[in-house]
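Asks: If you scroll down you'll find the structure; I have some questions about it.
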Amino acid sequence: MRIAVVTPYSDEPVDWLVRGHASLAGQGHAVTHILVADGRPDPAVAAWADQHIVLRHRHDDGGNAARMAGGLSAASQRFDAVTFLDAADWFLPGHLDGMVTVMAAAGADAATARRVLHRIDGTPVGVCPRIDGLRTVDASGILLRPTAFPAIALWCLVPAPIAGDAAQSVLGYLQGRNRRIAVAGPAATVAKRVRARAFNAGLDAGPWAPWLTDADLPDPAAVARWWRDLDTDERERQFRRIGIH
């Protein structure tokens, strides 16, 4: 299976991108790594990326525009599957093979995986209890077959208040279109580097200070609450805007 892995990046340390790129080796399938620069292309990254796309305008949207651009480019190149890998993350051994295996066994349109949380220095903390791959998903834990490629546009179509956790809307779109989703596991195979300052409390974060953020990990449940709190007319308007209705 030919798999495109799309990584949006902006100002993250190149070492993070290199680690993510290295984690694609030995995943059991032919992998093409598409890195998408959101307004800040790095010549060093362009030198080793399998494909390098530059968005001249910086979007500051958490990588959503870059995910969509890279994902749609991969779809137009007729890859067998498209997945996403955040700039700070990496795949654990066997991740892609596990996703493809469960997807094929279930005849599914997409596969999801759970994540292991790591501090900003890369040290593991534990499996994330917020992501189960069925009701909640991580942006780096979604694999799409061509029948699910229309969901790629959702990265940019989600309403601004919940754009920081657009993966939940991608999942919701697939479920709303009755696409079959297989969950890989039980092992968590996505390594998620957490940049939240509170999560890294107690760590000597001096070298990492420029990349720490005050924002907490997105709470997938907050996305569902946001939709529920909308009045009926506004909910229908948002649904029509993103093509759910």
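FYI, it's all coordinate maths here, none of it is from the lab. Predicted, not measured: the structure shown is a model, and the values here were computed from it. Neighbour counts run over all protein chains shown; Cβ positions are idealised from the backbone, glycine included.
Asks: What is region 1-118's relative contact order, in percent, from Cα pairs under 8 angstrom and six or more apart in sequence?
Replies: It rounds to 35 percent for region 1-118.
Asks: Follow-up question, since we're still on this one. For the chain, with only Lys/Arg (+1) and Asp/Glu (-1) charged at the beta-carbon, what is the dipole magnitude about the Cα centre, in debye rounded to 20?
Replies: Approximately 620 debye in magnitude.
Asks: Starting from the Cα of Arg237, step 7 Å along the direction of its Cβ; do the same at Arg197; then give the gap between the two resulting points in nm.
Replies: 3.5
Asks: Also: Considering only Ala108, Ala66, Ala25, give the residue with the highest GNM mean-square fluctuation for the chain, with springs between Cα atoms whenever their separation is below 10 Å.
Replies: Checking each option, the largest mean-square fluctuation is seen for Ala25.
Asks: Given a Förster distance of 45 angstrom, what is the FRET efficiency for Val116 paired with Asp80, based on the Cβ-Cβ distance and rounded to 0.05?
Replies: Efficiency, rounded to the nearest 0.05: 0.95.
Asks: Take every Cα pair under 8 Å in the chain that's 6+ residues apart, average their separations, divide by the length, and report that relative contact order as a whole percent.
Replies: Value for the chain: 20 percent.
Asks: Using the Cα centre as the reference, give the magnitude of the dipole from point charges on the C-beta atoms of region 42-110 (Lys, Arg: +1; Asp, Glu: -1; all else neutral), rounded to the nearest 20 debye.
Replies: My answer is approximately 220 debye.
Asks: While we're looking at this one, here's another question. Under the rule of -39500 (n - 2.57) per DSSP H run of 4 or more residues, summed and divided by the residues of the chain, what mean residue ellipticity at 222 nm is obtained, to the nearest 500 deg cm²/dmol?
Replies: -9000 deg cm²/dmol
Asks: Right, another one. Over all distinct alpha-carbon pairs, what is the Kirkwood Rh of the chain in angstrom?
Replies: About 18.2 Å, per the Kirkwood formula over Cα pairs.
Asks: Moving to a separate point now. Out of all DSSP beta bridges with both ends in region 2-242, state the antiparallel percent to the nearest 5.
Replies: Taking every DSSP beta bridge within region 2-242, about 30 percent pair in antiparallel fashion.
Asks: Quick one: length gained pulling Ala30 to Ala160 fully straight, 0.36 nm per residue minus the C-alpha distance?
Replies: Taking Ala30 through Ala160 to full extension adds about 43.3 nm, to one decimal.
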